[in-house]
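Okay, structure first, notes after.
The values are calculated or read from the model by the stated rules, or taken from the named source; none is laboratory data. Since the model is a prediction, treat every value here as computed from it, not as a measurement. Neighbour counts run over all protein chains shown; Cβ positions are idealised from the backbone, glycine included.
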Amino acid sequence: MARKSPLFTAKSPAISPSFFAIFLMSLLSLTSPAVSGHDYADALHKSILFFEGQRSGKLPPDQRVRWRGDSALHDGATAGVDLTGGYYDAGDNVKFGFPMAFTATLLSWSVIDFGRSMGGEVRNAVRAVRWAAEYLLKATATPGVVYVQVGDPYSDHNCWERPEDMDTLRTVYKIDWSHPGSDVAGETAAALAAASIVFRSRDPAFSHLLLDRAVKVFEFADKHRGAYSASLSHAVCPFYCDVNGYQDELLWGAAWLHKASRRREYREYIVKNEVVLRAGETINEFGWDNKHAGINVLISKEVLMGKADDLRSFQNNADDFICSILPGISHPQVQYSPGGLIFKAGGSNMQHVTSLSFLLLAYSNYLSHSNHIVPCGDRSASPALLKRLAKRQVDYILGDNPMRMSYMVGYGERYPQRIHHRGSSLPSVRAHPAHIGCKAGSRYYLSPNPNPNVLVGAVVGGPNSSDSFPDSRPFFQESEPTTYINAPLVGLLGYFSAHP
Ligand SMILES: *[C@@H]1O[C@H](CO)[C@@H](O)[C@H](O)[C@H]1NC(C)=O
């Protein structure tokens, strides 16, 4: 196994909550640069296009991102299975199943809640879901097994290579009954169930297949409990180590299965396991590692609609979560940068910005449909306030920020030019068909020049807590895009494209 190179180290592991007691008068009163009105429809289009640039496997004839080519066409072969397809998670060429499943769940949630606001783009959003869902079906085709990763992360991160040239180790990692992984299996079940809702009327046969598989994968996750970080620690830590534990993914999987199947057993599972599976966890977070705030918001919809009184505690928790991220609260769960961006320590901050903003917007919709507000001590938060907060974050991403730049590649006048992304920074296989080897890529990595291939729609990790952005490949925490930054953003942009 290759030694991890400090040069090419990818994303940092899980984030610990930060409790900076910063009192902001009000985020909304902050003077934002005079950019009025973003083209949310253009940003939506681009945010979905990004997923085509992350595709692994054989590209279809209708592939729009033309500088990419086929890659990783033998993934799974060493294990005698077909694991081609799916998405590269970020600026490297590993297929990490845990964040890929989370990406698929959030892309699906984006389509379920905001697809009707997306106009013609909904078709592309659904295609992005399908690309992940088809891969997850392959990864779960053998009963009692989930293939959770393809690619040795040390071998991969030691090289700066295009996916089309890859000659690093494509080691296949799996969980099974003797090496459990309720975290990754629970998230995979959630993703399959959520995708089944996306396809319910669009492709009923595919939807049934997805739901049927979700049921089986969830059963496996629940019956054989354990953390994949223990079973596969050498391969998944510190990359996508489940620091937070697997309990949240079991509740999350059950919540999505309940929404997709309406079967009583999942509701009973949630009620019965709520306390045990939540015990000792930080519940005001949401990301690929920690699902709690998402569980609370998702389940609250039914409570707010008056359909689930036995689940009222989830709404109370969702209310508490919302209060904890409002600016001006005395014990906030998040910090705000001077320019108004949600900030959590630990790197790749934009993942928090988009996922927390998604929950603000989704909850805001559930509240307004049921005529509710969120009580926060002696204040209260209206659905309109939550919407404005979410919009402020989206506008920051698109250019209303102290750097006056868009953090979405290809959107606006100024955007990141040197993103930490192998395919984007190396010449395209179309322009330069000859193989570029592992270390031959270093000169492109170290070059001060802009990336030759514009990965349109990629949203990078973003500025530091003082709103400063280096636009430099080695600063991967700031300059690397990831699929789970974009997945919730697709929903946000869908909504604001119809309600600017
Ligand atoms: C953010 O980056 C700028 C420019 O590199 C630097 O001056 C500043 O100290 C950084 N802020 C923090 C909090 O790291």
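Here are the numbers for this structure:
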read-out	value
In segment 333-358, the residues that are in a helix (DSSP H, G or I) and either out of contact with any helix residue (DSSP H, G or I) (no Cβ under 7 Å at 6 or more places or on another chain) or among the aromatic types (Phe, Trp, Tyr) (or both)	His352, Phe358
Only one of Arg388, Arg430, Arg422 that is more than 16 Å from the ligand (Cβ to nearest atom), modelled with pLDDT of 95 or more and buried (at least 24 other Cβ atoms within 10 Å of the Cβ)	Arg422
Unique match (being of a type in the set (A, V, I, L, M, F, W, C), in contact with an Asp or Glu (Cβ under 9 Å, 6 or more places away or on another chain) and in a helix (DSSP H, G or I)) among Leu361, Leu367	Leu361
Test: residue in segment 236-253 that is touching a strand residue (DSSP E or B) at 6+ places or on another chain (Cβ under 9 Å), part of a helix (DSSP H, G or I) and either among the acidic types (Asp, Glu) or more than 10 Å from Val184 (Cα to Cα) (or both)	yes
Lone qualifier among Val146, Val111, Val122 - being of a type outside the set (D, E, K, R) and over 19 Å from the mean Cα position of the chain (by Cα)	Val146
Arg202, sole failed condition from (1) surrounded by fewer than 18 Cβ atoms within 10 Å (Cβ to Cβ); (2) of a type in the set (Lys, Arg); (3) not in a loop (DSSP other than H, G, I, E, B)	(3)
Output for segment 252-266, where each listed residue is surrounded by fewer than 24 Cβ atoms within 10 Å (Cβ to Cβ) and touching a Phe, Trp or Tyr at 6+ places or on another chain (Cβ under 9 Å)	His258, Lys259, Tyr266
Selection count where residues are of a type outside the set (D, E, K, R) and surrounded by fewer than 24 Cβ atoms within 10 Å (Cβ to Cβ), scope segment 344-354	3
Selection status of Ser380, within 20 Å of the chain's Cα centre (by Cα), without any contact (Cβ under 8 Å) to a residue 24 or more places away in the chain and on the phi < 0 side of the Ramachandran plot	no
Subset of segment 460-477 [more than 10 Å from the ligand (Cβ to nearest atom) and in contact with a Pro (Cβ under 6 Å, 6 or more places away or on another chain)]	Val460, Asp471
